[in-house]
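Structure first, then comments.
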Amino acid sequence: MSRKILILQGHPDGRGGHFCHALANAYAEGAVKAGHAVGTIDVASIEGLTFMTDPADFAKPAPAPIAAAQDAVMECDHMVIIFPLWLGMLPATLKAFLEQLSRSEFVLGANDKGGWPAQKLKGRSAHVIVTMGMPGFAFRLFFRAHGVKALETAFLRISGVKPVKNTYIGGVEAMGDKGRKGWLERIRNVAASLR
Ligand SMILES: Cc1cc2nc3c(=O)[nH]c(=O)nc-3n(C[C@H](O)[C@H](O)[C@H](O)COP(=O)(O)O)c2cc1C
């Protein structure tokens, strides 16, 4: 089955060239080879992306570049969110993007019948890929992966996205070429085997 995949590149450095960018390329390569359609949003390159400061803006329609991102999310059926772990959580640029993206009830809406709000992203699945300096097991074991679980529960699962897969790539800075190539191959294969 061919899927419509949207890669959200969450590395804050819009110049590219980081391992997160190589991982996104590897995912796209594997997915395209398997016949999936792939689009990418580079969060750091979104023109005019700002931090939300006025809570009233949350209810207002998003500005054009964010509205285009909302359309891309609506059109996809699988999201791949890639980012480096910064201070145990998402880099601020990615968080700012997700706050802007969630404007005007984009992910959660009023439910006419009362009860749980309408989950607007139902029917989509996600894969969250996080790089980090510490070993991946340390993030799971000692940090309980809290910083990433917040993304999972407060953005993805609450809006109906499931299943959500996680890949934690630890020890990235000390990894060396061989280790990096191994991960790129693994991610290429995961993308190619997506059904
Ligand atoms: C501002 C900043 C904060 C960071 N915080 C953490 C952290 O909390 N835990 C960790 O394991 N690594 C941390 N790192 C290391 C990055 O996660 C690591 O450099 C990154 O995942 C490498 O991927 P990249 O080559 O795509 O940038 C931090 C790096 C920076 C620049």
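The values are calculated or read from the model by the stated rules, or taken from the named source; none is laboratory data. What you see is a predicted model; the values in this text were computed from it and never measured. Positions of Cβ are generated from backbone atoms using ideal geometry, with glycine treated the same way; all protein chains shown enter the neighbour counts. For accessibility, only protein heavy atoms count, side chains too; no ligands or nucleic acids. Shrake-Rupley method; radii C 1.70, N 1.55, O 1.52, S 1.80 Å.
When a/c reaches 1.5 or more, the comparison of a/b and b/c decides; with that in mind, is the chain rounded, prolate or oblate per its Cα gyration tensor? Walk me through the intermediate numbers first.
Details: a/c = 1.60, a/b = 1.42, b/c = 1.13.
It is prolate, given that a/c is not under 1.5 and a/b is the larger ratio.
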Counting pairs of alpha carbon atoms under 8 Å apart in space and at least six apart in sequence, what relative contact order in percent does the stretch 1-85 give? 52
Area accessible to solvent at residue 177, 1.4 Å probe radius, in Å²: 110
If one takes the longest principal axis of the Cα atoms in the chain, at what angle in degrees, from 0 to 90 and to the nearest 10, does the Cα axis of helix 19-33 lie? 80
Could you pull the accessible area for residue 120 with a 1.4 Å probe, rounded to 10 Å²? 80
Can you classify the stretch 15-76 as rounded, prolate or oblate using the Cα gyration tensor, where a ≥ b ≥ c are the square roots of its eigenvalues, rounded means a/c under 1.5, and otherwise it's prolate if a/b beats b/c and oblate if not? oblate
Of the residues 151, 87, 23, which exhibits the maximal mean-square fluctuation in a Gaussian network model of the chain defined by a 10 Å Cα contact cut-off? 87
According to the square roots a ≥ b ≥ c of the eigenvalues of the Cα gyration tensor, what is the shape class of the stretch 1-115, taking rounded for a/c under 1.5, prolate for a/b larger than b/c otherwise, and oblate for the remainder? oblate
If you add up the charges near residue 69, with Lys and Arg at +1 and Asp and Glu at -1, over every other residue whose beta carbon is less than 13 angstrom from its beta carbon, what do you get? -4
Any chance you could give the angle, 0 to 90 degrees and rounded to 10, that helix 176-192 forms with the longest Cα principal axis of the chain? 50
If the only charges are +1 at each Lys and Arg Cβ and -1 at each Asp and Glu Cβ, what is the size of the charge dipole of the stretch 6-94 around the Cα centre, to the nearest 20 debye? 200
Filter the chymotrypsin sites (Phe, Trp or Tyr not before Pro) in the stretch 98-195 to those in DSSP coil with at most 11 other Cβ atoms within 10 Å of their Cβ, and list the result. 142
The stretch 42-84 versus the stretch 134-154: alpha-carbon centroid distance in Å: 24
Loop GluC sites (Glu not before Pro), the stretch 13-89 (other Cβ atoms within 10 Å of the site Cβ: 13 or fewer; DSSP): 47
For the cross-link pairs 4/165; 4/113; 4/95; 4/60, which exceed 20 Å when the distance is taken from alpha carbon to alpha carbon? 4/113; 4/95; 4/60
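Tell me the relative contact order for the chain as a rounded percent, counting alpha carbon contacts under 8 Å between residues six or more apart.
Numbers: 333 pairs, mean separation 53.8, N = 195.
Once normalised by length, the contact order is 28 percent.
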Positive-end residue of 133, 94, 115, charge dipole of the stretch 80-136 with Cβ unit charges: 115
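With all protein chains present and a 1.4 Å probe, how do 89, 74 order by accessible area, largest first? Before the final figure, lay out each step's value.
On the way: 89 100, 74 75 Å².
Reading off the accessible areas and sorting them downward yields 89, 74.
Once the Cβ-Cβ distance between residue 54 and residue 162 is put in as r, and R0 is 35 Å, what FRET efficiency do you end up with, to the nearest 0.05?
About 0.65, to the nearest 0.05.
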Magnitude of the charge dipole, the chain, Cβ model with Lys/Arg +1 and Asp/Glu -1, debye to 20: 820
A chain fully extended from residue 150 to residue 180 at 0.36 nm per residue, minus the present Cα-Cα distance, gains in nm 8.1 nm
Student exercise, the stretch 102-163 dipole from Lys, Arg, Asp, Glu Cβ charges, in Debye to nearest 20: 120
